[in-house]
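What follows draws every value from the coordinates through simple rules; no lab data is involved. Note that the structure is a prediction, hence the values are computed from the model and not measured. Here the Cβ positions follow ideal geometry from the backbone for every residue, glycine too, while neighbour counts run over all protein chains shown.
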Amino acid sequence: LGTHSNTLEIFFSSKAVKNKKMTNLTEVELNDIIRSVINMKPDIKDPFYVLDLGMAKCIMEKWNSKLPQIQPFYAVKCNPEPIFLASLAMMGAGFDCASQAEIEAVMSIGVSPDRIVFASTCKPETHLKYAAAVGVNLATYDSSIEVEKIKKWHPKCALLLRIKVGDDNYARRPLGNKFGALPEEIIPLLQAAHTAQLSVVGVAFHLGSAVTHPEAYRLAIASAKMIFDTAVQLGMPRMHMLDIGGGFTASPQFDDAAATIQAAVESYFGNEPGLKLISEPGRFFAETSFTLVTNIIGKRVRGNVKEYWINDGLYGSMMNMLHDPDRVIGTVKPLALNSYPDNPTCSKLMTYSSTVYGPIANSLDTVLTDYQLPELNVNDWLVFSEMGAYSASAGSKFNGFDTSAIRTYLAYSNKSGESKMNGNKI
Ligand code: PLP
């Protein structure tokens, strides 16, 4: 399969998708897919991703069952893999873009500009001009200087006032010290936009990535309601859009958050006619959809500890661990290939305290310490699950290990025990 569009055309016209049989891969299917990729070109030892499109579909179904009236605008920054974007687009998502390049990426797969929110509160002027030229007419702001820039370069742009909510303790990775209007800034910022004859259509918030206190969504929705009322008191047209941001994880946290959001929307906006609700989830869709497969390129034994070097690390796909020390990698499992009998889980093997380093000449590039693994050897493979969020998109080219060159392979299961794979690089 050569290009993105014909890959997708074949994928979405396949019987499994049409008959709604596509689902996420079982662990055994995933292992088989990984082995097939490796066996296709046994001499190639580069790291690669497997994107489980069945998982993405299941996650979208989960979203639609719990928050059906809230359209997700997937946060492209989280993982801009083109096929992933296209599959979300085909399932009805809009997109949160934070730069011209992200807008270009989304529009190049055929998404119309009215399905994009320019959700960076501080936009380069050239990117604003580009948004105006291509008709991306919805953006967030949280400063009066941004109002001046938008007035100058994109006066037709409708605005969402991004607010900071609470004291920033609600998420594993908070954002509030950098983004969002403080309570005392809200009236001046509404007035600044009104005076500039820009239309403020709603309120946006983002509680941080991986929200740990779902109750914070209720506080934020209550604050948004007060701002809707304040705008009317200031003589501005009534707002009609609420953007509840991201911060969801595909775990029970989502169910709690969704229930809290539903109740809060009902109690604060239940009688708000024509309210459009959107959100900006990133991690929720991307995290569990991608598995990273790395190769062991070096080994050292120090006393009781086995040390391994792999060919991806903290300056590559695991960059987010630098900012998010509590990040738990889903699971890390060796794929039994070279040094073991053909046992997919290696579960019966003796394990040892192990350290896993990334390939960079910098001691910070340590991926795992005191982690129990069976004994591995150079050219074995280590599989990291749940690696789709802020991984490939955040890595660097440090030391020449280029994260952007990592290949992605598509797969899904069709519920009949038969898994499918696209064997080419996307
Ligand atoms: N929207 C904005 C403005 C963000 O800054 C982020 C993450 O940094 C997201 C959405 C996505 O957040 P998450 O991946 O936690 O859902």
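Data for the structure
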quantity	calculated
Largest-first ellipsoid semi-axes for the chain, taking √(5λ) over the Cα gyration tensor eigenvalues, angstrom	41, 23, 20
Relative contact order %, segment 80-281, counting alpha carbon pairs below 8 Å whose residues are six or more apart	16
Local electrostatic count, residue 377, Cβ distance below 11 Å [Lys/Arg +1, Asp/Glu -1]	0
Kyte-Doolittle mean at least 1.0, axial Cα span of 24 Å or more - DSSP H helices of the chain	none
Residue among 253, 128, 298 farthest towards the positive dipole end of the chain, charges placed on Cβ	128
Global geometry of segment 80-281, whether rounded, prolate or oblate, following the gyration tensor of its Cα atoms and the 1.5 cut on a/c	oblate
Distance violations [Cα-Cα > 24 Å] among 149/225; 129/397; 77/129; 21/62; 225/276	149/225; 129/397
Under DSSP loop assignment and at most 14 Cβ neighbours within 10 Å, longest trypsin sites (Lys or Arg not before Pro)-free interval of the chain	21-155
Relative contact order %, the chain, counting alpha carbon pairs below 8 Å whose residues are six or more apart	19
The chain, helix-only ellipticity at 222 nm - DSSP H runs n ≥ 4, -39,500 (n - 2.57), divided by all residues, nearest 500	-9500 deg cm²/dmol
Those aspartates and glutamates that a straight Cα-Cα span of less than 16 Å connects to residue 306, excepting residues fewer than 8 apart in one chain	370, 375, 380
Whole-Hz couplings from phi, Karplus 6.51/-1.76/1.60, listed for segment 397-410; x for Gly and Pro	10, 3, 6, x, 8, 8, 4, 5, 8, 5, 6, 10, 10, 8
